[in-house]
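The structure appears right after this line, and notes come after that.
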Amino acid sequence: MDARLSRYSYLVSLLPSKIVRDLGLDFRVRRRTISSYTPVERDGRPTGLLVGGGEARTREAFARLTGGEREYAAWRRFYGRTGRLAGRVFPTLTEPLPTREELRRRVDDEEAWRMVFEEPLGVAVEEHFADDLVRGVVLTDALIGTFADAHDASLKQNRCFLYHVIGGGTGAWDVPVGGMGALTDALADAARSAGAVLATGHEAVRIDTDGRGAEVVHRTADGEGVTAARHVLVNASPQALAALTGDTRRPPPRAPSSR
């Protein structure tokens, strides 16, 4: 199969079409048909919950798992609301950052605003769903990678959930044709056409700066080299940047989130 995968193989959701057009990225995506399958044992028999494969198939999976229509109806209401939220929030990714009140007016749905922006997401999940497995499937998009509790007062689980459900203005996650490497190649081609030089296998080990310019010390299989630059963009954590620049000061504490 002609596909080039990377160690960071993934789906595409949060890449706005405006950026794709502006950069002239040449790649295609396909809509995935299955979102998830969660196996479980109920009453001594193996079963599970399939989400995807068409509305009829998903409804049947919910009914088989829960013994009725209630949970699927709740699922439709819940994700109908997040779908409308996606259409209003996703365009802000390429616009000037709105104020809290501006975004609230744009969302124009007090129930959606409450469950995503005001209260821990666990409250809304428990209000909507009775089945514990269904609750867990919904919360996957909120808790994955956050190590948070569904009722965490910081709402970092809500932020994670929001990223997962607003993609493309619909919440859909698409698969790059040819693997994530196809998107990487498209980005690399766009960068080269704009004059960039891409160098791999160069480990940045130190950044020296006098405030006006910088030198990046990098290590390769052939030894060390130095590259001078007016600006250095670092895609790394504050701790990793501090190690590169030799900054021994503790990074400032994060400001408390305003609710």
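Using just the C-alpha positions of region 1-122 as equal point scatterers, what log10 of I(q)/I(0) does the Debye formula give at each q in 0.11, 0.12 1/Å? The computed values of log10 I(q)/I(0) come out as -0.62, -0.73.
3J(HN,Hα) couplings calculated from phi for region 206-220 with the Karplus curve 6.51 cos²θ - 1.76 cosθ + 1.60 (θ = phi - 60°) are, in sequence order, 6, 10, 10, 9, 10, x, 10, x, 8, 10, 9, 8, 10, 10, 10 Hz; Gly and Pro show x. Here region 63-198 is treated with +1 on each Lys and Arg Cβ and -1 on each Asp and Glu Cβ, and its dipole about the Cα centre works out to around 240 debye. Rounded to 0.05, the FRET efficiency of the residue 17 and residue 114 pair, given R0 = 30 Å and the Cβ-Cβ distance, is 0.50. For the chain, the 222 nm mean residue ellipticity estimated from helices alone, with every DSSP H stretch of n ≥ 4 adding -39500 (n - 2.57) and the total spread over all residues, rounds to -12000 deg cm²/dmol.
Which one, 229, 40, 183, is farthest towards the positive end of the dipole of the chain when Lys and Arg carry +1 and Asp and Glu -1 on their Cβ? Farthest towards the positive pole: 183. Rounded to the nearest 10 degrees, the inclination of helix 156-165 to the longest alpha-carbon principal axis of the chain is 80 degrees. Were the residues from residue 218 through residue 206 laid out at 0.36 nm apart, the gain over their Cα-Cα distance would be 3.6 nm.
Using alpha carbons only, the radius of gyration of the chain set against its Kirkwood radius gives Rg/Rh = 1.03. Computed over protein heavy atoms with a 1.4 Å probe, the accessible surface of region 141-196 works out to 46 Å² per residue. The loop-placed chymotrypsin sites (Phe, Trp or Tyr not before Pro) in region 115-187, going by DSSP, that have at most 15 neighbouring Cβ atoms within 10 Å of their Cβ come out as 147. Apolar share of the accessible surface for the chain: 53 percent from carbon plus sulfur atoms, 1.4 Å probe. For trypsin sites (Lys or Arg not before Pro), the sites in region 1-110 that DSSP calls loop and that have at most 10 other Cβ atoms within 10 Å are 7.
Pairwise Cα separations in region 19-78 fall into 5 Å bins from 0 onward with the following percentages, short to long: 4, 15, 21, 18, 10, 7, 7, 7, 6, 3, 1, 0.
Report P(r) for region 49-203: all Cα-Cα distances, bin width 5 Å, range 0 to the bin holding the largest distance, values in whole percent. Result, from short to long distances: 2, 8, 14, 17, 17, 14, 10, 8, 6, 3, 1, 0, 0 percent.
How are the alpha carbon pair distances in region 114-220 distributed across 10 Å bins from zero to the largest one, expressed in percent? Here the calculated profile for region 114-220 is 12, 24, 20, 23, 16, 4. Rg/Rh, computed from the Cα trace of region 95-172 with Rh as the Kirkwood radius, has the value 0.97. The distance from the alpha carbon centre of region 193-214 to that of region 32-71 is 50 Å, rounded to a whole number. Dipole magnitude for the chain: computed about the Cα centre from +1 point charges on Lys and Arg Cβ and -1 point charges on Asp and Glu Cβ, it is near 340 debye.
The values are calculated or read from the model by the stated rules, or taken from the named source; none is laboratory data. Worth saying up front: this structure is predicted, and the values here are computed from it rather than measured. FYI the Cβ positions are ideal-geometry reconstructions off the backbone, even for glycines, and counts take in every protein chain you see. All accessible areas refer to the heavy atoms of the entire protein, side chains included, with ligands and DNA or RNA removed. Shrake-Rupley method; radii C 1.70, N 1.55, O 1.52, S 1.80 Å.
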